[in-house]
1. Quick one: count up the residues across the range 151-160 that are in contact with a Gly (Cβ under 8 Å, 6 or more places away or on another chain) and in a loop (DSSP other than H, G, I, E, B).
2. Residues being within 13 Å of the chain's Cα centre (by Cα) and aliphatic (A, V, I, L, M): count how many of those fall in the range 31-51.
3. Residue pairs, Cβ under 6 Å, 6 or more apart or interchain, first in the range 137-150 and of a type in the set (D, E, K, R) and assigned to a strand (DSSP E or B), second at pLDDT 90 or above and surrounded by 13 or more Cβ atoms within 10 Å (Cβ to Cβ). List them.
4. Select from the range 109-126 the residues that are closer than 27 Å to Gly173 by Cβ and over 14 Å from the mean Cα position of the chain (by Cα) and write down the one among them that is surrounded by the most Cβ atoms within 10 Å (Cβ to Cβ).
5. Which pairs have Cβ atoms under 6 Å, sit 6 or more apart or on different chains, and link a residue in the range 77-93 that is among the acidic types (Asp, Glu) to one that is not in a strand (DSSP E or B)?
6. From the set of residues in the range 74-92 that are over 17 Å from the mean Cα position of the chain (by Cα) and of a type in the set (Lys, Arg), which is surrounded by the fewest Cβ atoms within 10 Å (Cβ to Cβ)?
7. I'd like to verify a number: residues in the range 42-85 that are at pLDDT below 85, out of contact with any Leu (no Cβ under 8 Å at 6 or more places or on another chain) and closer than 17 Å to Asp99 by Cα, how many?
8. Quick one: Gly71 ticks every box in (1) closer than 23 Å to Pro138 by Cβ; (2) surrounded by 15 or more Cβ atoms within 10 Å (Cβ to Cβ) except a single one, so which number is it?
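The values are calculated or read from the model by the stated rules, or taken from the named source; none is laboratory data. Keep in mind the model is a prediction, meaning the values are calculated, not measured. Neighbour counts are summed over all protein chains in view; Cβ atoms, including those assigned to glycine, are modelled from backbone coordinates with ideal geometry.
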Amino acid sequence: MKKLSLLLMALSGFAFAQEGLYDPAPPANSAFVRVLNAPAATLGDKPITADKNAASVYVVIPQGDFTAKVGSVSTKLKVEAGKFYSVVADGAKLNILTDPSADNRAKALLVIYNLSKVASIDLKTADGKTAVVSGVKPGQSGSRAVNGITVDLAAFSGTKALGTLKGVKLERGSAYALVLTDSGFTLTTSSTKTK
C-alpha cells in the first residue's frame, strides 16, 4: 500500500470576503471554486495557481458546468450557486469537493477530505482518545467546529494511525482543511480570498 498524505490548510476568513470596501458583489448565480496543490490550473477561463501543498483563492464561477484543468488533466465539473468547492487532482482524474461554510466565528472549523482508498477515516487527537470527525468514506468529507486550541491531530483507520500533525494551532474564526491521499504526508497552510 502506498504512503498516505495528509495536508492541512488554514483557511482564514473561510466565509470569504467578496464584498470588500470597493469590490462588487458577485452575480447571484455564482459558485466559489478553488484548487488545492495545483501549480498550474484553469477554472473555466480563469488561470489560477496554488503552491505545492496549498490552497488557491476562490474564484467566482457561474453555476452549472465548467471545465477545470489541473496540469494536463482536464474535465467538466458542475457547481451550484452559493456553494464553495475545492478541486483536487488525484492522478489522472479531478475530484470536486463541496466545502462547508464556517458559520460560527467563535469556533475553528476542521474539515477532513478522504481522497485515499482507505474505507473509512476518523480524525482524532494524536493519542487516539478523542474523536473529532468520524467515518469519512473515500471521496467524501466531514467537518466539525471546535474551540481554539493547539493540538496534535491524527487520521486513523480503525485503531491504526495513518499520519499525525503535531502542534496544529486552531484559531477561532478560521477554517482548516485536512486532505488525506495515498501519497506522502505533509502539513499545509494558506489563507483564502475570492477574486
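1. Here the count works out to 1.
2. So the answer is 5.
3. Arg144/Val132; Arg144/Val133
4. In the first step, residues of the range 109-126 are kept if they are closer than 27 Å to Gly173 by Cβ; the result is 109-115, 121-126.
If we keep only those that are over 14 Å from the mean Cα position of the chain (by Cα) too, we end up with 121-126.
Working: Ile121: 27, Asp122: 20, Leu123: 25, Lys124: 18, Thr125: 14, Ala126: 17.
So the residue we want is Ile121.
5. Cβ pairs passing all conditions: Glu80/Gln63; Asp90/Leu115.
6. Result: Lys76.
7. The qualifying residues number 1.
8. The failed condition is (2).
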